[in-house]
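Accompanying notes for the structure given below.
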Amino acid sequence: MQAPSWGEKLGALGLDWKVVGCDRWHDYSKVDVIVAVRSFEGEFTFDSKPPSKLINAWHAGIPAVLGRESAYRRERKSQLDYIEVASPEEAIAAVEMLRGDRNLRAATIENGRIRAQETANAQIISQWRNFLTNVAVPAYYRWCTASIWQQQIFLARRHLIMKANRLQSRLNQFISKK
């Protein structure tokens, strides 16, 4: 999407495509829709990436056209949260659809305003407070009172789970390349 041909395709549709530099990724003030796709190749999930672009779009009041990423999918509650695309053609079609269907655009923006409330500062503070008070601190106290053997078993189990998850991820990438 950074190639000149991408911008030319959108320009032929009367759309103005701008690639925003990383120093302005947080600023959506001059954006009508965000198109954010890391890759159209394979089934990459980008598990280590947060859904920041989606949440920022909700807070900015703009629709989002996004790639197939696990973080976005975890946040999705309805089709109005964002439009998921798997190819450049789907991305262009999504942008055209948002431009041509005022009702869809308005519904997407309104849905984003509602979803933005879930990630407002007060909500995030409440979630962290709840986690620290009701999950982390009690788990820490259980850890401190556990025997050395229970601690070692816990660590070994967590290590095996992490290895299994990494192997599963590699297997999924290998399978998607075939």
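Here are some conditions: (1) among the β-branched types (Val, Ile, Thr); (2) modelled with pLDDT of 90 or more; (3) part of a loop (DSSP other than H, G, I, E, B). THR108 meets all but one. Which one does it not meet?
For THR108, the exception is condition (3).
Consider only pairs whose beta carbons are under 6 Å apart and that are at least six residues apart or on different chains; among these, list those whose first residue lies in region 11-24 and is open to solvent by 60 Å² or more (accessible area, probe 1.4 Å) and whose second residue is polar (S, T, N, Q).
Sorted first by the residue in region 11-24, then by its partner, the pairs are VAL19/GLN2.
Any residue in region 95-113 that is closer than 14 Å to SER78 by Cα sitting within a Cβ distance under 6 Å of a residue that is open to solvent by 30 Å² or more (accessible area, probe 1.4 Å) and not in a helix (DSSP H, G or I)? List the pairs, counting only those 6 or more apart or interchain.
Cβ pairs passing all conditions: ALA107/LEU80; THR108/LEU80; ASN111/LEU80.
Would a scan of region 119-126 turn up a residue that is open to solvent by less than 70 Å² (accessible area, probe 1.4 Å), at pLDDT below 95 and not in a loop (DSSP other than H, G, I, E, B)?
Filtering region 119-126 for residues open to solvent by less than 70 Å² (accessible area, probe 1.4 Å) gives 119-120, 124, 126.
Next, from what is left, pick out any that are at pLDDT below 95: 119-120, 124.
Checking the rest, the ones that are also not in a loop (DSSP other than H, G, I, E, B) come to 124.
Within region 119-126, one or more residues are open to solvent by less than 70 Å² (accessible area, probe 1.4 Å), at pLDDT below 95 and not in a loop (DSSP other than H, G, I, E, B).
Mind checking whether some residue in region 31-47 is part of a helix (DSSP H, G or I) and either surrounded by fewer than 18 Cβ atoms within 10 Å (Cβ to Cβ) or modelled with pLDDT under 90 (or both)? Give the derivation first.
Within region 31-47, the first condition is being part of a helix (DSSP H, G or I), and the residues that meet it are none.
Within region 31-47, none of the residues are part of a helix (DSSP H, G or I) and either surrounded by fewer than 18 Cβ atoms within 10 Å (Cβ to Cβ) or modelled with pLDDT under 90 (or both).
So in region 69-94, with the set limited to residues that are in a loop (DSSP other than H, G, I, E, B) and without any contact (Cβ under 8 Å) to a residue 12 or more places away in the chain, which one is surrounded by the most Cβ atoms within 10 Å (Cβ to Cβ)?
Within region 69-94, the match that is surrounded by the most Cβ atoms within 10 Å (Cβ to Cβ) is ARG76.
Taking only region 53-67 into account, find how many residues are open to solvent by 10 Å² or more (accessible area, probe 1.4 Å), in contact with a Phe, Trp or Tyr (Cβ under 8 Å, 6 or more places away or on another chain) and outside any helix (DSSP H, G or I).
1
Looking only at region 131-178, count how many residues are hydroxyl-bearing (Ser, Thr, Tyr), open to solvent by less than 90 Å² (accessible area, probe 1.4 Å) and in a helix (DSSP H, G or I).
Filtering region 131-178 for residues hydroxyl-bearing (Ser, Thr, Tyr) gives 133, 140-141, 145, 147, 169, 176.
So of that shortlist, the ones also open to solvent by less than 90 Å² (accessible area, probe 1.4 Å) come out as 133, 147, 169, 176.
From the residues that got through so far, the ones that are in a helix (DSSP H, G or I) too are 133, 169, 176.
Qualifying residue count for the region: 3.
Residues are listed down the side, and each one gets a yes or a no for (1) within 20 Å of the chain's Cα centre (by Cα); (2) in contact (Cβ under 8 Å) with a residue 40 or more places away in the chain:
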{"position": "ARG115", "(1), (2)": "yes, yes"}
{"position": "ALA122", "(1), (2)": "no, no"}
{"position": "TRP128", "(1), (2)": "yes, no"}
{"position": "ALA136", "(1), (2)": "no, no"}
{"position": "TRP143", "(1), (2)": "no, no"}
{"position": "GLN151", "(1), (2)": "no, no"}
{"position": "LEU155", "(1), (2)": "no, no"}
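How about region 97-151: which of its residues are farther than 27 Å from LEU80 by Cβ and polar (S, T, N, Q)?
ASN130, THR133, ASN134, THR145, SER147, GLN150, GLN151
The values are calculated or read from the model by the stated rules, or taken from the named source; none is laboratory data. A quick note: this is a predicted structure, and the numbers were derived from the prediction, not measured. Every residue, glycine among them, receives a Cβ derived from its backbone with ideal geometry; neighbour counts consider all protein chains shown. Heavy atoms of the whole protein, side chains included, go into the accessibility calculation; ligands, DNA and RNA do not. Shrake-Rupley method; radii C 1.70, N 1.55, O 1.52, S 1.80 Å.
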